[in-house]
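Taking it in order: structure first as structure tokens, then the write-up.
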Amino acid sequence: MLDLIIRGATLQDGRAPVDIGIAGERIVAVEPRLAAEAEQKIDAAGRLVCPPFIDSHLHLDTTLSLGLSGPNQSGTLLEGIALWGELKPSLTQAGIYERAKKLCLWSIARGTLVIRSHVDISDDRLLAVDALLALREEMKPYLDIQLVAFPQDGYIRYPKSPENLARALDKGVDVVGGIPHFERTMEDGAASVKQLMRIAADRGLLVDMHCDESDDPLSRHIENLVAETIRHGLHGRVAGSHLTSMHSMDNYYVSKLIPLIAEAQVSAIANPLINITLQGRHDTYPKRRGMTRVKELMAAGVNVSFGHDCVMDPWYPLGSHDMLEVANMALHVGQMTGVEEIKSCFDAVTVNAAKTLNLNDYGIAPGKAADLIVLQAADPIEAIRLRAERLFVIRRGKILAEASPRETLVRFGRQERHVDFTKASLDLA
């Protein structure tokens, strides 16, 4: 007797119908017409069942802080940083904790059960570090949080960043971060990459740097990040976030750069909602989109994943932590409307993201953790098109969240029809 069986699922790779058997916290069977019974059953009825969504890049310490500071009138990255700097002295550990916890509830409802969050270490009190370490522990039964030590004010530019970084890592922060394009000079930016990569190599940690979040085509710190990855043998353990300057670079230089990124096995993390909001603010028309070259990076074999980045904070006043909204925006901005391209955008918030975060216990296969979502969609394309309802969110074999299928009752005189916009509804008489 199993604990839970999901019957009639369609998997992300197109296999269908498939039954998924769960015992305890693990998947024990993935096969058609599973000959077993279970205490609980879910009839997927041909709907898409996939591993949980992953947010590869978020700032939990700033989330839901909209209104605590003045508005970002220019809509720029730099004004957002200035507003956050003004707000820091008034922050409390309890306030950061409570706002981040509320966001985690949204995440669970959205089926996002893994978050990589950058945490600002430029506050000497390390309030955000302590708050998010405590939250990470409390949330373990419900979702996983991977923390990045992020020197928001610059690793070299802010004098206490080296000391604060060491303290944060000693406390248990998981990943080494950086922001080389915010240093005072290109030389300082390159030096910060070298120093931070040495620390990561010595400590055996992953790396995720905000890199070239700029419209300046000469901001090329990704080149330094790639070189140091190869120098320290950190292939597959490093990610470059944003990479928006690549949008403005000339094609010849990019033709050299992308193969180097692929060679070093550096993952690229795009943040479509925020990249297109903050970038191009100095342009009139034509106005640059600002998102990195997702399509070209994927075509070259670079692992690309997506992040939400901000939710209701000084940089972005919108959002509900919906990774399908992120994927939807990416395919529009990146002009990725081919069938396989749309599927690759779904991968960028699931399997590609798992690779970025170096997650080994992820996926739908016997022996993997029983972390799953059932979507009101037939396939990944429909899921993105509709930003599909998360009908069931399952963590370690337990149902954490449920939702009723989303539909609208439409009346035509004496006739009534239920509309849910799915392809299946097109077959109704």
Checklist outcome for this item: Share (percent) of C-alpha pair distances in the stretch 135-291 greater than 21 Å works out to 47 percent
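By counting other Cβ atoms within 10 Å of each Cβ, how are W106, W84 ranked from fewest to most? If you can, show how the numbers build up before the last one.
Values: W106 16, W84 25.
The most exposed by this proxy come first: W106, W84.
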Next on the checklist: If each DSSP helix of 4+ residues adds -39,500 (n - 2.57) and the sum is divided by the residues in the chain, what number results at 222 nm, nearest 500 deg cm²/dmol?
Outcome noted: -10000 deg cm²/dmol
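Sorted from fewest to most neighbouring beta carbons within 10 Å, what does the list H221, H242 look like?
Fewest to most other Cβ atoms nearby, the residues stand as H221, H242.
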Checklist entry - About its Cα centre, how strong a charge dipole does the chain have in debye, to the nearest 20, once Lys and Arg get +1 and Asp and Glu get -1 at the Cβ? => result 500 debye
Checklist entry - Would you list D322, D283, D55, D120 from fewest to most Cβ contacts within 10 Å? => result D283, D322, D120, D55
Next on the checklist: Tell me which of P405, M186, A201 sits at the most positive position along the dipole axis of the chain, charges placed on C-beta atoms (Lys, Arg +1; Asp, Glu -1).
Outcome noted: P405
Checklist entry - Which log10 I(q)/I(0) values, to two decimals, does the chain give at q = 0.08, 0.10, 0.12 Å⁻¹ under the Debye formula with one point per Cα? => result -0.45, -0.69, -0.98
Next on the checklist: Can you return the lysines within cross-link range of K41? Criterion is Cα-Cα under 16 Å, with same-chain partners fewer than 8 residues away left out.
Outcome noted: K398
Checklist outcome for this item: Taking only the alpha-carbon atoms of the stretch 323-419, the convex hull volume per residue, in cubic angstrom, is 132 Å³
Next on the checklist: I need the Kirkwood Rh of the stretch 4-82: take the reciprocal of the average 1/r across all distinct C-alpha pairs and report it in angstrom.
Outcome noted: 16.2 Å
Checklist entry - GNM, the chain, Cα, under 10 Å: largest mean-square fluctuation among L64, L278, L78? => result L78
Next on the checklist: Show me the trypsin sites (Lys or Arg not before Pro) within the stretch 3-103 that DSSP assigns to loop and that have at most 12 other Cβ atoms within 10 Å of their Cβ.
Outcome noted: R33
Item to check | Computed P(r) (all Cα pairs; the stretch 377-429; 10 Å bins; percent) | outcome: 21, 41, 27, 9, 2
Checklist entry - In nm, what is the difference between 0.36 nm times the number of residues separating L105 and L218 and their Cα-Cα distance? => result 36.6 nm
Next on the checklist: Starting from 0.36 nm per residue, how many nanometres of slack lie between E407 and A23 once their C-alpha separation is accounted for?
Outcome noted: 135.0 nm
Checklist entry - If you build a Gaussian network model of the chain, linking Cα atoms that sit under 10 Å apart, which residue out of V30, V302, V419 swings the most? => result V419
Checklist outcome for this item: Note: Q40 to S74 extended length (0.36 nm per residue) minus current alpha-carbon separation gives 7.0 nm
Checklist entry - Of A94, A200, A383, which has the largest mean-square fluctuation in a 10 Å C-alpha GNM of the chain? => result A94
Checklist outcome for this item: Loop-resident trypsin sites (Lys or Arg not before Pro) in the stretch 169-212 with no more than 12 other Cβ atoms inside 10 Å, DSSP not H/G/I/E/B, are R184
Item to check | Stretch in the chain that is longest and holds no GluC sites (Glu not before Pro) that DSSP places in a loop and that have at most 16 other beta carbons within 10 Å | outcome: 38-406
Checklist entry - Considering lysine pairs in the stretch 59-207 that are 8 or more places apart or on different chains, how many have Cα atoms under 25 Å apart? => result 12
Checklist outcome for this item: One checks the Cα atoms of the stretch 60-217 and finds Rg and Dmax, in Å, of 15.5, 44
Item to check | the stretch 115-205, dipole about Cα centre (Lys/Arg Cβ +1, Asp/Glu Cβ -1), debye to the nearest 20 | outcome: 160 debye
Checklist entry - Dipole of the chain (Lys/Arg Cβ +1, Asp/Glu Cβ -1, origin at the Cα centre): which of I269, C310, L11 lies farthest to the positive side? => result L11
Item to check | Charged-residue dipole, Cβ positions (Lys, Arg, Asp, Glu), the stretch 312-358 about Cα centre, Debye nearest 20 | outcome: 120 debye
Item to check | Dipole axis of the chain (+1 Lys, Arg; -1 Asp, Glu on Cβ), positive-most option in Q376, G111, L68 | outcome: Q376
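Every number in this text was worked out from the coordinates using simple rules, so none of it is lab data. Note that the structure is predicted; figures quoted are calculated from it, not measured. Heads up, the Cβs are rebuilt from the backbone with ideal geometry, glycines too, and the neighbour counts pull from every protein chain shown.
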